[in-house]
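Trainee: Pasting in a structure now, in structure tokens, and then I'll have a few things to ask.
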Amino acid sequence: MRGFRIALYIVVAVVIVIAGAGAWATRFPAIAPVTKHPVFDAATIARGAQLAALGYCSSCHTAEGGTPYAGGRPVPTPFGIVYATNITPDRDTGIGKWSEAAFRRAMRDGIDRRGQHLYPAFPYNHFTKATDGDIEALYAYLMSLHPVSNPHHANRLPFPISWRPVVAGWNLFFLDRGAYMPDPGKSAEWNRGAYLAEGLGHCGACHTPKNFLGAEDHGKRFAGAKAEGWYAPPLNGASPSPVRWTADTIATYLRHGFESDHGKALGPMQEVTGNLARLPQADIDALATYIASFEPAADKSKSEAAVAAADKAAYGPVHLASTLPDNGGNSAGAKIFAAACATCHHAGGGLPDMRPVRLGLSTPVWMNQPTNLIQIILHGISPPVESPGVSMPPFADVLTDKQVADLVTYIRGHFSDRPAWSDLAESVRQVRSDGPHGAGEGEQMASQGQNQ
Amino acid sequence: MITLNVNGSDHPIDADPNTPLLYVLRNDLELNGAKFGCGLGQCGACTVNVDGKAIFSCLTPISLLEGRKIVTIEGLGTAERPSPLQQAFIDEQAAQCGYCIAGMVMRAHAILQATPDITRERLELAMRPNLCRCGTHTRILKAVLRAASGNRSASAAGDAAPEKEASR
């Protein structure tokens with residue numbers, strides 16, 4: 001079986017290279033540069049701004065501390081780093097020369113104006129589902145931006161992936177081209193949600209596991225996957241959260257980036273929910289209806305029991321670490337928790353309006369992977385630049401890997417009934433080296449004396 | 001009994017291992033530069049350096065610090081002989097009430113140790129954890145950049161000197 005799989009991989013890889021060669025031979029034509037763009041009305045531009053927020057465009061196409069949409073952000077992929085491009089209408093370094101037809105081709109086919117393949121780090125396999133009207137509005141919005149000159153950084157990809165025509169082979173297998181087709185058996189709201197989630201929203205780009213060529217495995221839709229140094233939890237009904245999600249709680253979470261029985265949107269999802277705040281409530285409700293359709297029906301008594309258990313596990317009055325009972329493996333972690341975490345995470349702790357989620361309900365504590373909990377402890381929580389929001393200090397420079405592992409073991413054991421995570425030392429080392437955005441900048445940032 | 005290495009000397013500390021470093025610095029060692037602001041790691045007034053990194057001393061228990069090198073603002077310089085970074089804060093008149101300044105200086109010190117010629121953009125991001133209620137952030141940034149440019153001109157002078165020799 002294993003031999004068969006390896007043979008299959010080799011066959012697929014060979015086909016992709018041959019298809020790449022074929023694509024090289026029959027290149028896509030360049031689309032003539034334009035000197036002027038059509039004038040769009042304010043309503044179209046405003047709708048485009050909402051769609052850009054839904055598409056999470058600025059999150060990838062903005063370098064940390066850089067001008068929005070001017071590109072330069074390193075996007076980690078399993079194959080290497082792809083640098084996001086400048087999508088402001090700058091003529092030389094952005095998309096100022098692109099006609100709407102060129103933009104539509106990029107969205108639908110992943111081909112840039114000059115006829116070159118774009119890498120699927122740009123999720124055109126999702127964007128292909130957008131309607132012509134939505135693509136036009138997005139184009140109108142991007143063309144309304146101030147042009148910024150910011151030349152593209154060279155990608156850090158190994159050969160043969162660095163040779164763009166191989167993407168043609170990838171497309172042959174994994175690009176399902178064409179606009180979203182509504183499911184007549186479902187409600188209009190569900191279909192709207194599916195269109196938003198599967199198209200511009202590209203939820204699956206993070207939440208669906210990928211195969212060995214980095215394509216989403218549709219047999220495992222929304223089963224949860226590694227994403228940018230974090231782990232995107234499953235949305236397919238296998239959510240580890242002790243309280244079941246419902247359409248209402250999903251809508252609250254997407255709208256506010258926080259839901260009291262599950263916790264706060266963090267890592268890449270913090271930017272997603274920040275962006276979604278710009279969408280009309282009807283679209284948020286539609287997204288929630290669609291995502292909730294993968295969840296089993298909420299069991300009220302189970303949810304109530306989970307909340308009661310979380311209240312029971314809640315850390316009461318702050319103990320002196322020296323007075324904690326020595327209960328085996330947990331004791332080192334319990335002492336760190338009492339001394340470093342309990343100030344905020346005891347019942348009623350923290351500042352007004354900044355009260356942390358009850359750890360007994362917090363999704364990262366219940367997940368199958370310790371990744372997100374370790375991310376939070378090492379790198380803390382900080383709101384996006386120039387935005388208000390909750391802040392938790394990072395502990396990367398305070399705690400050693402062993403101390404983080406002890407602390408995580410204690411939190412898992414005390415606040416959930418799930419089995420202990422194994423190999424925590426390796427997980428902590430990995431998250432530390434991946435850094436807060438998974439781009440491997442952990443070490444580099446640590447050496448600059450900063451981790452936020 | 002825990003031994004803490006603060007500003008280059010070892011100090012035996014007779015305190016509960018749970019005690020935040022800040023309390024030990026202020027109450028036991030009478031190093032009153034680091035301040036208590038929020039006690040929750042939200043404001044940065046308590047920032048000191050541990051092994052060269054800026055950390056919040058208000059929520060770091062001393063039990064985690066045995067064998068590590070702690071540096072406080074008192075370890076940088078004195079009122080008579082301030083460090084170049086402290087002098088840059090004086091030159092820019094970066095303090096208004098001054099409560100945040102020891103923390104600001106220690107965060108900046110860790111940043112400049114790692115990145116002596118940091119840019120303004122990187123510095124703004126790196127200084128984010130420290131807050132100033134008076135709003136002197138722009139002067140604080142100017143002070144740190146002044147110290148950084150001092151680093152630059154010092155290293156440029158170092159580089160240029162042999163060339164001067166040669167051209168003579």
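Trainee: Could you rank the peptides A:126-132, B:96-102, A:183-189 by their average count of other C-beta atoms within 10 Å per residue, with the highest value first? Spell out each step's value before the answer.
Mentor: Working: A:126-132: 20.0, B:96-102: 18.4, A:183-189: 11.0.
Going from most to least packed, we get A:126-132, B:96-102, A:183-189.
Trainee: Can you list residues from other chains, or at least 5 along the same chain, whose modelled amide H is less than 5 Å from the amide H of B:L4?
Mentor: Amide H neighbours of B:L4: B:H11, B:I13.
Trainee: How much accessible area is lost when chains B and A come together, counting both sides, with a 1.4 Å probe, in Å² rounded to the nearest 100? Before the final figure, lay out the partial values.
Mentor: Working: alone 9470 and 21640 Å², together 28590 Å².
Summing both sides, the interface buries roughly 2500 Å².
Trainee: What nm distance separates the two modelled labels at B:S83 and A:S331, each placed 7 Å from Cα along Cα→Cβ?
Mentor: 3.9 nm
Trainee: Using the alpha-carbon atoms, what tilt in degrees (0 to 90, nearest 10) does helix B:101-114 show relative to the longest principal axis of chain B?
Mentor: 60 degrees
Trainee: Between region B:83-142 and region A:176-225, how far is it from one alpha carbon centroid to the other, in angstrom?
Mentor: Measuring centre to centre over Cα atoms gives 47 Å.
Trainee: Which percent of Cα-Cα pairs in the protein assembly as shown sits in each 20 Å bin, short to long?
Mentor: It works out to 17, 47, 31, 5, 0, in whole percents.
Trainee: From the phi angles alone, apply the Karplus equation (6.51, -1.76, 1.60; θ = phi - 60°) to region A:421-432 and give each ³J(HN,Hα) in whole Hz, x where the residue is Gly or Pro.
Mentor: Each residue of region A:421-432 in turn: 6, 9, 6, 5, 4, 5, 4, 5, 4, 5, 5, 4 Hz.
Trainee: Which whole-number percent is the relative contact order of region A:198-258 (Cα, under 8 Å, 6+ apart)?
Mentor: Dividing the mean separation by the residue count of region A:198-258 yields 22 percent.
Trainee: Name the shape class, rounded, prolate or oblate, that the alpha-carbon gyration tensor gives for region A:77-136, where a ≥ b ≥ c are the square roots of its eigenvalues, rounded holds for a/c under 1.5, and otherwise prolate holds if a/b is larger than b/c and oblate otherwise. Please report the intermediate quantities before stating the final value.
Mentor: Numbers: a/c = 1.96, a/b = 1.13, b/c = 1.74.
Oblate, because a/c is 1.5 or more while a/b does not exceed b/c.
Trainee: Note down the net charge around A:A30, summing +1 for each Lys or Arg and -1 for each Asp or Glu among other residues with Cβ under 12 Å from its Cβ.
Mentor: +4
Trainee: Provide the gained length on full extension for the span B:N27 to B:H137, in nm with one decimal, where the gain is 0.36 nm per separating residue minus the Cα-Cα distance. Show your work: numbers first, answer last.
Mentor: Working: separation 110, 0.36 × 110 = 39.60 nm, distance 2.91 nm.
Stretched fully, the B:N27-B:H137 segment lengthens by 36.7 nm.
Trainee: Using the Karplus curve 6.51 cos²θ - 1.76 cosθ + 1.60 with θ = phi - 60°, what ³J(HN,Hα) values do you get for each residue of region A:367-383, in whole Hz, with x for Gly and Pro?
Mentor: 3J(HN,Hα) across region A:367-383, in whole Hz: 5, 6, 10, x, 3, 5, 5, 5, 3, 5, 5, 5, 10, x, 10, 9, x.
Trainee: Could I ask something else about it? Between A:T93 and residues 5 or more places away or on another chain, which pairs have amide H atoms under 5 Å apart, with H built 1.01 Å from N, and which residues are they?
Mentor: The list, which skips near neighbours in sequence, is A:N150.
Trainee: Also: For A:A347 and A:S301, what is the calculated FRET efficiency with R₀ set at 35 Å and r taken between the beta-carbons, to the nearest 0.05? Write down the numbers at each step before the final one.
Mentor: Details: r = 24 Å, r/R0 = 0.68.
Efficiency, from the Cβ-Cβ distance: 0.90.
Trainee: Hey, another quick one. Gain in length, A:F294 to A:R418, computed as 0.36 nm per residue apart minus the alpha-carbon separation, to one decimal in nm? Don't skip to the answer; put the middle values down first.
Mentor: Working: separation 124, 0.36 × 124 = 44.64 nm, distance 2.29 nm.
Taking A:F294 through A:R418 to full extension adds about 42.4 nm, to one decimal.
Trainee: Report, to the nearest 10°, how far helix A:188-198 tilts away from the longest principal axis of the Cα atoms in chain A, using its own Cα long axis and a range of 0 to 90°.
Mentor: With both axes taken from Cα atoms, the answer is about 90 degrees.
Trainee: Something else: Determine ³J(HN,Hα), in whole Hz, for all residues of region B:70-75 in sequence, where each value follows from phi through the Karplus function 6.51 cos²θ - 1.76 cosθ + 1.60 and θ = phi - 60°; x replaces Gly and Pro.
Mentor: Computed from phi, the couplings for region B:70-75 are 9, 10, 10, 4, 5, x Hz.
Trainee: In square angstrom, rounded to the nearest 10, how much accessible surface does A:I291 have for a 1.4 Å probe?
Mentor: Counting only protein heavy atoms, the figure is 20 Å².
Trainee: Another question about this same structure. What FRET efficiency, computed as 1/(1 + (r/R0)^6) with R0 = 35 Å and r the Cβ-Cβ distance, is obtained for A:S162 and A:K36, rounded to the nearest 0.05? Provide the component values of the computation, followed by the final result.
Mentor: Details: r = 35 Å, r/R0 = 1.00.
Efficiency for this residue pair is about 0.50.
Trainee: Around A:I111, which amide H atoms from residues at least 5 apart in sequence, or from another chain, sit under 5 Å from its own amide H, with H modelled in the peptide plane?
Mentor: Those qualifying (amide H under 5 Å, at least 5 residues apart or on another chain) are A:A106, A:L118.
Trainee: Further question: Sort A:S387, A:S99, B:S57 from largest to smallest accessible area, using a 1.4 Å probe on the heavy atoms of the protein chains.
Mentor: Details: A:S387 50, A:S99 20, B:S57 0 Å².
So the residues, ranked largest to smallest area, are A:S387, A:S99, B:S57.
Trainee: Now for a separate question. Output needed: percent of Cα pairs per 5 Å distance bin for region A:193-341, bins running from 0 to the one holding the longest distance.
Mentor: 2, 8, 14, 18, 16, 13, 10, 8, 6, 3, 1, 0
Trainee: How many angstrom separate the Cα center of region A:245-277 from the Cα center of region B:45-77?
Mentor: 36 Å
Trainee: Another one. Please enumerate, by chain and number, the lysines with C-alpha under 24 Å from the C-alpha of A:K312, excluding those fewer than 8 residues away in the same chain.
Mentor: Straight-distance partners of A:K312: A:K264, A:K300, A:K302, A:K335.
Trainee: Chain B: percent of C-alpha pairs farther apart than 19 Å? Display every interim value, and only then the final one.
Mentor: On the way: 7900 of 14028 pairs.
In whole percent, the long-distance tail amounts to 56.
Trainee: Ignoring ligands, DNA and RNA, what accessible area per residue does region A:212-280 give at 1.4 Å, in Å²?
Mentor: Numbers: 2810 Å² over 69 residues.
So region A:212-280 comes to 41 Å² accessible per residue, rounded to a whole number.
The values are calculated or read from the model by the stated rules, or taken from the named source; none is laboratory data. Just so it is clear, the model here is predicted, and its values are computed rather than measured. Here the Cβ is made from the backbone with ideal geometry for all residues, glycine too, and neighbour counts use every protein chain on show. These accessible areas exclude ligands, DNA and RNA; they are computed on the full protein's heavy atoms, side chains included. Shrake-Rupley method; radii C 1.70, N 1.55, O 1.52, S 1.80 Å.
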